[in-house]
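What follows is a set of notes on a single structure, which appears directly below.
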Amino acid sequence: MWARLGIVATGLWLIGGTAYFHVTTMDQRYDFSMKLEKLCLDGYDRLERQYPSMDYSKEQGNCVTDAEQYLRSETPASEVLKQSFFGTAIIGAIAWVLIGIAIALTRWVLRGRQTQGGSRGT
């Protein structure tokens, strides 16, 4: 029964963990590109205030283009999904090994108590 429960939990972990890591990574990339765009636009706003006679509209347009290029130049979403899946699978495998070690140690300790017959050393 516990093995079946573990298999179901692992399946849920693979699906949920992969989705979580994928969405988180994509959100971070989007947030970074938006911050990059805002930083660029803020810089040109400061220049416009400092040098009002200059026209920075073309450069400000480049800020948006650069942010979009950053998003396109990053790792494709399908590759991020694959990396998220393998990362989640590795964490799941490590969890199985650690749980197996814990079970084996518990059985070993319990077996040692049974062979002593419950008596304490005299």
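Brief remarks on what is shown
- The chain - accessible surface per residue (Å², probe 1.4 Å): 80
- Most mobile of T75, T24, T106 in a GNM of the chain (Cα contacts under 10 Å): T106
- Projected label distance in nm at T115 and V23, using a 7 Å step from Cα toward the beta-carbon: 5.1
- Candidates Q60, Q50, Q83, ranked by Gaussian network fluctuation over the chain, Cα under 10 Å, top entry: Q50
- The chain, accessible surface, carbon-and-sulfur percent (1.4 angstrom probe): 64
- Comparing G43, G17, G112 in a Gaussian network model of the chain (Cα springs below 10 Å), the most mobile by mean-square fluctuation is G112.
- Dipole in debye (nearest 20) - the chain, about Cα centre, beta carbon charges: Lys, Arg +1; Asp, Glu -1: 1420
The values are calculated or read from the model by the stated rules, or taken from the named source; none is laboratory data. Worth saying up front: this structure is predicted, and the values here are computed from it rather than measured. Positions of Cβ are generated from backbone atoms using ideal geometry, with glycine treated the same way; all protein chains shown enter the neighbour counts. Surface accessibility is based on the protein's heavy atoms, side chains included, excluding ligands, DNA and RNA. Shrake-Rupley method; radii C 1.70, N 1.55, O 1.52, S 1.80 Å.
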